[in-house]
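Asker: Below: one structure in C-alpha cells.
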Amino acid sequence: MTDLASHVRELVAEKNAIVLVHNYQLPEVQDIADYVGDSFGLAVQAAKTDADAIIFCGVNFMAESALILSPDKLVIHPEPESRCPMAAMATAESLQLMKAKHPDAAVVSYVNTTAEVKAESDICCTSSNAAKVVRSLPNEKIIFTPDINLGSYVAKLVPEKEIILWPGYCDTHQNRIRVEDLQALKELYPASEIVVHPECTPEVIDFADHAFSTSGMLNYARDSDTQEFIIGTEREMVYRLRKDVPDKIFHAIDKAVCPNMKKITLKKVAASLENMGPSVHLSDEMIQKARIPLEKMVAVGRGE
Ligand code: 13P
Ligand code: SF4
C-alpha cells in the first residue's frame, strides 16, 4: 500500500467512515475501498451501514441515492463535479408531461436519474434487476426512463408489457463500444466470450454472448467454465475482474472510458476525509419522496 493509501485508511478508521466505490473507479480508489460494486450493491451497502459517514466514490446520482437510503449519515462525495450525463437527460417536468399522456402507465426509473425524477417515479431499477422490476408491476404499460438502450433490452425480455422508451443514453456505452470494436477483439482472442453492459446499443447486445450489470459480469466470470472474456463496458471493470478472478483472462475496450467516474482520485478521497466534505444535501421532502421508489427497488432484489 502507498503512503497516501495508508493515510486514507487511517482516516477512515479515525472518522468511523465507510468507503463505497463503484466498479468504474480508478484502481488507486478501488484499492482503498471497504466495498466495490455495482449501483445495486452500493445502494444496499449504503442502506445498511452503521458507519457515521459514507465516502462515496462514484457519480453524483449514486451518492445522492446513498443519502436517500441513509438520511441520518453524512454522505461525502469527494468530487461533486463527477456527474452522470445520462441522469441529466430526464427532468421532473418532462416526466410529468409524459405521465399526463399515459395516466395508466407505471414509471420505472433507472437509478441513473436525479432525485427529482426518482420522486416522480413508482419504482427505480438498476441494470441488475430492470426486467425483474418491470415484471413485478401490475401495469401493462411502463414508462422507462432515461436509458433507451436499457429500456429496449427490457422490452425484449418482457414482451408482454408495453414499454414507453425515453431518449436518454450513456455516451460511453453508446458511442465508445461498437460492434466493430468487439469484432476486432474477437478476431484477436477467438476463444473469448463477449459480455457487455445493457447500456450498450441493441446491435452490440445482439452481437454479444451475454449482457449483465457490472457486478453481474463479475459473478458470471467467476462461475462460468469459460476462461477468457471480452468486456464491453467501462474499461476499469477489467481491473476489478482481474483482481477478483485472477485465474481468468479479460480484455477491455481501451477507449471505453467514463470521464466522469475518473474525476475522483485518491488525493481527493484523502482531502474529503481530512475536511469531512464536500457532503451531499437534499431537502427532507425530496429524501422522503425519492426514498419510496428506491426502497421498492431494493426490496425486489437482484434479477435472475
Ligand atoms: P452498474 O449498475 O452495472 O454498476 O452500472 C452503472 C452505470 O452507470 C453503468 O454505466
Ligand atoms: Fe453515467 Fe455512462 Fe458514466 Fe455510467 S458510464 S456513470 S451511465 S456516463
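The values are calculated or read from the model by the stated rules, or taken from the named source; none is laboratory data. Model, not experiment: these values are computed from the prediction. Note that we place each Cβ from the backbone using ideal geometry, even for glycine, and neighbour counts take in every protein chain shown. Just so you know, the surface numbers come from the protein's heavy atoms only, side chains and all, with ligands and any DNA or RNA stripped out. Shrake-Rupley method; radii C 1.70, N 1.55, O 1.52, S 1.80 Å.
Asker: Give region 288-297 a look and list any residue that's touching a residue at least 40 places away in the same chain (Cβ under 8 Å) and surrounded by fewer than 17 Cβ atoms within 10 Å (Cβ to Cβ), or say none.
Answerer: E295
Asker: Now, a different point. Among D247, D254, D225, which is within 16 Å of ligand 2 (Cβ to nearest atom), open to solvent by 10 Å² or more (accessible area, probe 1.4 Å) and either in a loop (DSSP other than H, G, I, E, B) or closer than 16 Å to D38 by Cα (or both)?
Answerer: D254
Asker: Output the residue which, of all residues in region 191-208 that are more than 21 Å from the chain's Cα centre (by Cα) and either buried (at least 21 other Cβ atoms within 10 Å of the Cβ) or in a loop (DSSP other than H, G, I, E, B) (or both), is nearest to ligand 2 (Cβ to nearest atom).
Answerer: The qualifying residue nearest to ligand 2 (Cβ to nearest atom) is S192.
Asker: Sticking with this one: Being surrounded by fewer than 20 Cβ atoms within 10 Å (Cβ to Cβ), among the charged types (D, E, K, R) and either touching a Leu at 6+ places or on another chain (Cβ under 9 Å) or not in a loop (DSSP other than H, G, I, E, B) (or both) is the filter here, so list the residues in region 67-104 that pass it.
Answerer: Those that are surrounded by fewer than 20 Cβ atoms within 10 Å (Cβ to Cβ), among the charged types (D, E, K, R) and either touching a Leu at 6+ places or on another chain (Cβ under 9 Å) or not in a loop (DSSP other than H, G, I, E, B) (or both): E93, K99, K101.
Asker: State whether one or more residues within region 55-65 are within 29 Å of V158 (Cα to Cα) and out of contact with any His (no Cβ under 8 Å at 6 or more places or on another chain).
Answerer: yes
Asker: Are there any pairs, at least 6 apart or on different chains, whose C-beta atoms fall under 7 Å, with the first in region 135-153 and farther than 9 Å from A105 by Cβ and the second aromatic (F, W, Y) and open to solvent by 60 Å² or more (accessible area, probe 1.4 Å), and if so, which?
Answerer: Every condition considered, the pairs that remain are D147/Y169; I148/Y169; N149/Y169.
Asker: Between T172, T233, T226, which is modelled with pLDDT of 95 or more, over 22 Å from the mean Cα position of the chain (by Cα) and of a type in the set (S, T, N, Q)?
Answerer: None of the other options fit; the residue is T226.
Asker: OK, next. Please go through (1) more than 30 Å from D181 (Cα to Cα); (2) surrounded by fewer than 19 Cβ atoms within 10 Å (Cβ to Cβ) for V280 and return the number of the only condition it doesn't satisfy.
Answerer: Among (1) more than 30 Å from D181 (Cα to Cα); (2) surrounded by fewer than 19 Cβ atoms within 10 Å (Cβ to Cβ), the lone unmet condition for V280 is (2).
Asker: Do you know which residues across region 231-249 are of a type outside the set (D, E) and over 23 Å from F40 (Cα atoms)?
Answerer: Passing the criteria: P246, K248, I249.
Asker: Further question: What number of residues in region 242-255 are of a type in the set (A, V, I, L, M) and more than 17 Å from H173 (Cβ to Cβ)?
Answerer: Residues flagged as of a type in the set (A, V, I, L, M) and more than 17 Å from H173 (Cβ to Cβ) within region 242-255 amount to 2.
Asker: For the condition away from ligand 1 (no atom under 16 Å from the Cβ) and either under 26 Å from G301 (Cα atoms) or hydrophobic (A, V, I, L, M, F, W, C) (or both), what is the one hit in L42, L97?
Answerer: On the way: L42 fails: away from ligand 1 (no atom under 16 Å from the Cβ).
The conditions single out L97.
Asker: Report the residue count in region 147-181 for those that are open to solvent by less than 70 Å² (accessible area, probe 1.4 Å), hydrophobic (A, V, I, L, M, F, W, C) and part of a helix (DSSP H, G or I).
Answerer: Here the count works out to 5.
Every residue, every condition in (1) open to solvent by 30 Å² or more (accessible area, probe 1.4 Å); (2) outside any helix (DSSP H, G or I); (3) at pLDDT 95 or above, yes or no:
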position	(1), (2), (3)
S6	yes, no, yes
R9	yes, no, yes
A13	yes, no, yes
L20	no, yes, yes
Y24	no, yes, yes
E28	yes, no, yes
I32	no, yes, yes
Q45	yes, no, yes
D50	yes, yes, yes
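Asker: Please specify each residue of region 165-187 satisfying the condition of being in contact (Cβ under 8 Å) with a residue 40 or more places away in the chain and either among the hydroxyl-bearing types (S, T, Y) or in contact with a strand residue (DSSP E or B) (Cβ under 9 Å, 6 or more places away or on another chain) (or both).
Answerer: Answer for region 165-187, where residues must be in contact (Cβ under 8 Å) with a residue 40 or more places away in the chain and either among the hydroxyl-bearing types (S, T, Y) or in contact with a strand residue (DSSP E or B) (Cβ under 9 Å, 6 or more places away or on another chain) (or both): W166, G168, Y169, C170, T172, H173, I177, D181, L182, L185, K186.
Results for (1) over 14 Å from the mean Cα position of the chain (by Cα); (2) under 19 Å from R240 (Cα atoms); (3) within 16 Å of ligand 2 (Cβ to nearest atom), shown as yes or no for each residue.
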site: V36; (1), (2), (3): no, yes, yes
site: S39; (1), (2), (3): no, yes, yes
site: V59; (1), (2), (3): no, yes, yes
site: A63; (1), (2), (3): no, no, yes
site: L67; (1), (2), (3): yes, no, no
site: P71; (1), (2), (3): yes, no, no
site: P78; (1), (2), (3): yes, no, yes
site: E81; (1), (2), (3): yes, no, yes
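Asker: Taking the condition of being in contact (Cβ under 8 Å) with a residue 40 or more places away in the chain and away from ligand 1 (no atom under 12 Å from the Cβ), how many residues in region 209-258 meet it?
Answerer: Residues flagged as in contact (Cβ under 8 Å) with a residue 40 or more places away in the chain and away from ligand 1 (no atom under 12 Å from the Cβ) within region 209-258 amount to 7.
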